[in-house]
Amino acid sequence: DSSINMPLLKLGYSANFPGKDLKDRFGFTSSLNTRFEVKLKSQWIVGVKYDFLFGNNVSDSGMLEELLTSSDGIIGLDGKFSTYEMLQRGHHIGIYIGRLLPYLSANPNSGFIVTAGVGLLTHKVNFNNINNDIVQLNGIYKAGYDRYTSGVSFTEFIGYRYMSNNKLMNFYCGIEFTQAFTKIRRDYQVDYEINDLRFGMRNDNLFNIQIGWILPIYKRVPKEFYY
């Protein structure tokens, strides 16, 4: 029946939709999310986050043009066409601060949440060389193909959090917007010239829909009084 200091571990999933420059490289992706946050009695929230991004919708395949035959295949060490996958991999870490608005809630520790944060976003093209028979996509060579990119990010989240009185049913959901200012961090990409503008600053935007489970770490308030 009252607001309390509440440390929480949040585990969730996001459906991600890229925008701006990120859309030119990747399509729809997913992420697994981890949050550790503390809600204070004053309803202020502070927390840290980590997201692991993954997907198989890669739009940029220009780095492979010199490897492809006329039939769009890559010949491996055994002289046969190789099997490979192009995947997205990335990480998003950060810190955030916000506030809980206890409206339409079961108790003062549930309600709408608004947060804003800053962090680091990284992403790259990950090549799954299934038979390890494509020399260019193995070992140190694949760094010239992977488009490894990173930069500072700014994130805003709007959502709802439900904390049950018996601590058994606790969840959150919402939408998140990310604006990241990134650059390719490799000195060399096989299809880029040294002075290529594509090595410059990028504007990678991300919109996602989140849902997840909350593991409360706080102690239960006793329901009985002793005299």
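Things to note:
- Residues in the stretch 11-55 that are of a type in the set (Gly, Ala, Ser) and either within 18 Å of residue 211 (Cβ to Cβ) or touching a residue at least 60 places away in the same chain (Cβ under 8 Å) (or both): 12, 14, 15, 19, 30, 31, 47, 55.
- Scanning the stretch 88-126 for residues that are of a type in the set (D, E, K, R) and within 18 Å of the chain's Cα centre (by Cα) yields a count of 2.
Residues are listed down the side, and each one gets a yes or a no for (1) in contact with a strand residue (DSSP E or B) (Cβ under 8 Å, 6 or more places away or on another chain); (2) surrounded by fewer than 17 Cβ atoms within 10 Å (Cβ to Cβ):
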| position | (1), (2) |
| --- | --- |
| 152 | yes, yes |
| 155 | yes, no |
| 164 | yes, yes |
| 168 | no, yes |
| 179 | yes, yes |
| 185 | yes, yes |
| 193 | no, yes |
| 196 | no, yes |
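- When the stretch 62-79 is filtered for residues that are without any contact (Cβ under 8 Å) to a residue 40 or more places away in the chain, in a loop (DSSP other than H, G, I, E, B) and open to solvent by 80 Å² or more (accessible area, probe 1.4 Å), the ones remaining, listed by number, are 70, 72.
- Within the stretch 135-150, the set of residues being open to solvent by 50 Å² or more (accessible area, probe 1.4 Å) and among the small types (Gly, Ala, Ser) comprises 139 only.
- Residue match in the stretch 140-147 (condition: under 18 Å from residue 209 (Cα atoms) and in contact with a Phe, Trp or Tyr (Cβ under 7 Å, 6 or more places away or on another chain)): no
The values are calculated or read from the model by the stated rules, or taken from the named source; none is laboratory data. Fair warning: this is a prediction, and the values are worked out from it, not measured in the lab. No Cβ is skipped: glycine too gets one built from the backbone with ideal geometry, and neighbour counts run over all protein chains shown. We work out accessible area using only protein heavy atoms, side chains counted, and drop any ligands, DNA or RNA first. Shrake-Rupley method; radii C 1.70, N 1.55, O 1.52, S 1.80 Å.
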